[in-house]
1. Which percent of the accessible area of region 116-191 is formed by carbon and sulfur heavy atoms (probe 1.4 angstrom)?
2. Of the chymotrypsin sites (Phe, Trp or Tyr not before Pro) in region 143-219, which ones lie in a loop per DSSP and count no more than 16 other C-beta atoms within 10 Å?
Amino acid sequence: MRILFLVLLISLFLVKNVAAQTSALSLHAGLCNVRGETSDGIKDNYGVDFSAVYTNLFLNSPWLFVGEVSHSSANIEHSFEPDTVFQTMFNQTYLGVGFRYSTNPFEKKRRGRSRRRRRPRPGDFLPYVGFGFGFAQTINSSDTPEYIPPGYETNDGTKYEALIQLEAGATIRLTKQVLLEGYFISRTAGNDGWDGIIGIGDGKDWLIRGGLGLIYEFK
């Protein structure tokens, strides 16, 4: 009997909060950059980045649940010896979830207490930070597979990896349901090889992503 009562209370709590949720879908486009132990500038290892992001916000809370699918593609070049260029193509498709903390400048007084509430008002500017984790298919294909840089190993082929990522950005509301977003995200699997080569040190490769997104809020 106690278990049934507890289940009923939990169900009522979930129904109440689901009814108070606000969900949104956004499409992102930008650039990406692969950072490895031999990375110098960004001109020789950048590419394009596309993603679709679903967010779900509990009203009167600064936290959002985030679901993301993205694809990043970059052409990477390294010059280890005179007149010899090592080239590889990086492709990564990612599926993951995470959480985002978004500030809210508006407060509503109720019974003597301030409550956070997201108001659909054009001009709202909301910075955010977040973190996520997921899985990805990472493909490295070298344009010069016969060349092996001195002191390194090459990394060709497909890997399935568990990843973590950190993000920061901001949204500005254009209309009651449409927002513009700017984002900056870094991601790693904690290993080497995304830049096409495997070094002898403890360096970890990172994927840096940044761009703009258009958000449509359903409720």
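1. 63
2. Answer in residue order: TYR147, PHE218.
The values are calculated or read from the model by the stated rules, or taken from the named source; none is laboratory data. Note that the coordinates shown come from a computational prediction; the quantities given were computed from them, not determined experimentally. Cβ sites come from the backbone with ideal geometry, for glycine too, and all protein chains shown count toward neighbours. Protein only, heavy atoms only, side chains kept; ligands, DNA and RNA dropped before computing areas. Shrake-Rupley method; radii C 1.70, N 1.55, O 1.52, S 1.80 Å.
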